[in-house]
Amino acid sequence: METNKPQKKNKWFLPLVFSLLLSTLLMFISIFISSSSNSQLYHTHVKSELLPRFVESKLKVSATSSDPVPRIAYLISGSMGDGESLKRTLKALYHPRNQYAVHLDLEASAEERLDLANFVRNEPLFVKLGNVRMVVRANLVTYRGPTMVTNTLHAAAILLKEGGEWDWFINLSASDYPLVTQDDLLHTLSAIPRNLNFIEHTSDIGWKEYQRAKPVIIDPGLYSLRKSDVFWASEKRSVPTAYRLYTGSAWMMLSRPFVDYFLWGWDNLPRIVLMYYANFLSSPEGYFHTVICNAEEFRNTTVNHDLHFISWDNPPKQHPHFLTVDDYQKMVDSNAPFARKFGRNEPVLDKIDSELLGCNADGFVPGRWFNNKTNSNLFPYDAMKNSTKLKPGPGAERLKRLINGLLSAKDFHANHCS
């Protein structure tokens, strides 16, 4: 009996040892593979962390239009008593290809604003083509305050949402007036890159640092329904260090890509700068200039001109001179497409109408889209059919000289945000 026990022991002992060895081997292989895999995953994870994923890298500047004839989006704004002047300026600027937003601020009476609304609503050409709209929810705009900037942003957003395709945004007031026809303007602009931004600017803010940047003001138009001048705080502040301040003219022609940028603000710069300029005196003369010159995508698209003839004192005061017949030849010789500032029913406007625009004081400016010199019997269907046909005149030659001179200047590139 005892002689059989070692044999039974040998029968189960060897398989046990073999299974232990196999298990140990499998365990080592599993640990090695797991360690290698984890190491690879770790290095892959570290590598992915070294490559930051920012949403801004996926957002690109919008493309410009390839349409051979450009389109312009206009803001024409006014205040109390400007209703009739605004209508006249609108007609002088009208072209079926363009888009228009008109705004009378809350200082204007309800009757005056209703009269403008009825004019826009009942003009047959506007009704048929649908390219003129009134800013129904009017803003209270304080002169020298940031509400002028917010009003411009509001109108630009409306035109971006409702105005379809357009190439440039131009802000004007009821006291502005064109010196060229829209056929002249569109013809000239069709030959230049559509990413250009005509915005007069400089980084040499000089006295404005102490009189506008460092003081802190509050615009009542941000919270009140009654217009009054800005309030001054007793505290002063230092100029920003995160971005550089620029200043210039409040009147500009901005490209569609830049308008997209300052409204969407995908890298937050436009909003940060807007919050700073909320307490800046005469912020329309600095906000857009500071944004464009601190944005890498747009700083090299600037043309240092506001496309206006304006008569200033030397050195400039707060307000420009009112233009009269005595300034007529200087306006023409400037080659600028716009001029300001005109008084209501100023006689020189009749001279501009008859000699430069070819229309009467209450009519549309003739062009290839509309050749009737009497400005009557206008058929909207014909206007739409001929909207891509232009008939440039002497104004186009003047404007071409201005723009070609700006773009071909030796210091053109050096003047980008200088």
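The values are calculated or read from the model by the stated rules, or taken from the named source; none is laboratory data. Just so you know, these numbers come straight off a predicted model, no measurement behind them. Neighbour counts run over all protein chains shown; Cβ positions are idealised from the backbone, glycine included.
Can you pull out the residues in the range 105-119 that are in a loop (DSSP other than H, G, I, E, B) and either surrounded by fewer than 14 Cβ atoms within 10 Å (Cβ to Cβ) or among the basic types (Lys, Arg) (or both)? The answer is Ser109, and nothing else. Which pairs have Cβ atoms under 7 Å, sit 6 or more apart or on different chains, and link a residue in the range 114-130 that is within 13 Å of Leu86 (Cα to Cα) and aromatic (Phe, Trp, Tyr) to one that is at pLDDT 95 or above and exposed (fewer than 12 other Cβ atoms within 10 Å of the Cβ)? Sorted first by the residue in the range 114-130, then by its partner, the list stays empty.
Annotation: of all residues in the range 63-78 being modelled with pLDDT under 95 and hydroxyl-bearing (Ser, Thr, Tyr), the one that is surrounded by the fewest Cβ atoms within 10 Å (Cβ to Cβ) is Ser66. Filtered by the rule that a residue be surrounded by 20 or more Cβ atoms within 10 Å (Cβ to Cβ) and either of a type in the set (S, T, N, Q) or in a loop (DSSP other than H, G, I, E, B) (or both), the range 79-96 gives Ser79, Asp82, Ser85, Thr89, Tyr94, His95, Pro96.
Annotation: Thr142 fulfils all but one of (1) of a type in the set (S, T, N, Q); (2) modelled with pLDDT under 95; (3) under 25 Å from Ser255 (Cα atoms); (4) surrounded by 21 or more Cβ atoms within 10 Å (Cβ to Cβ); the unmet one is (3). Output yes when any residue across the range 205-220 is in a loop (DSSP other than H, G, I, E, B) and more than 18 Å from Thr290 (Cα to Cα), and no when none is. Within the range 205-220 (the criterion being in a loop (DSSP other than H, G, I, E, B) and more than 18 Å from Thr290 (Cα to Cα)), the answer is yes, since at least one residue qualifies. From the list Phe288, Phe298, Phe322, Phe280, the one residue that fits, being crowded, with 21+ Cβ neighbours inside 10 Å, over 22 Å from Leu196 (Cα atoms) and in contact (Cβ under 8 Å) with a residue 24 or more places away in the chain, is Phe280. Looking across Ser283, Ser255, Ser234, one residue alone is more than 29 Å from Ala336 (Cα to Cα) and not basic (Lys, Arg). It is Ser234. Within the range 165-183, is there a residue that is in a helix (DSSP H, G or I) and more than 25 Å from Arg299 (Cβ to Cβ)? Among the residues of the range 165-183, at least one is in a helix (DSSP H, G or I) and more than 25 Å from Arg299 (Cβ to Cβ), which makes the answer yes. Scanning the range 192-204 for residues being part of a loop (DSSP other than H, G, I, E, B) and either in contact (Cβ under 8 Å) with a residue 60 or more places away in the chain or buried (at least 18 other Cβ atoms within 10 Å of the Cβ) (or both) gives a total of 8.
Scanning the range 250-268 for any residue that is at positive phi, surrounded by fewer than 21 Cβ atoms within 10 Å (Cβ to Cβ) and within 16 Å of the chain's Cα centre (by Cα) turns up at least one such residue.
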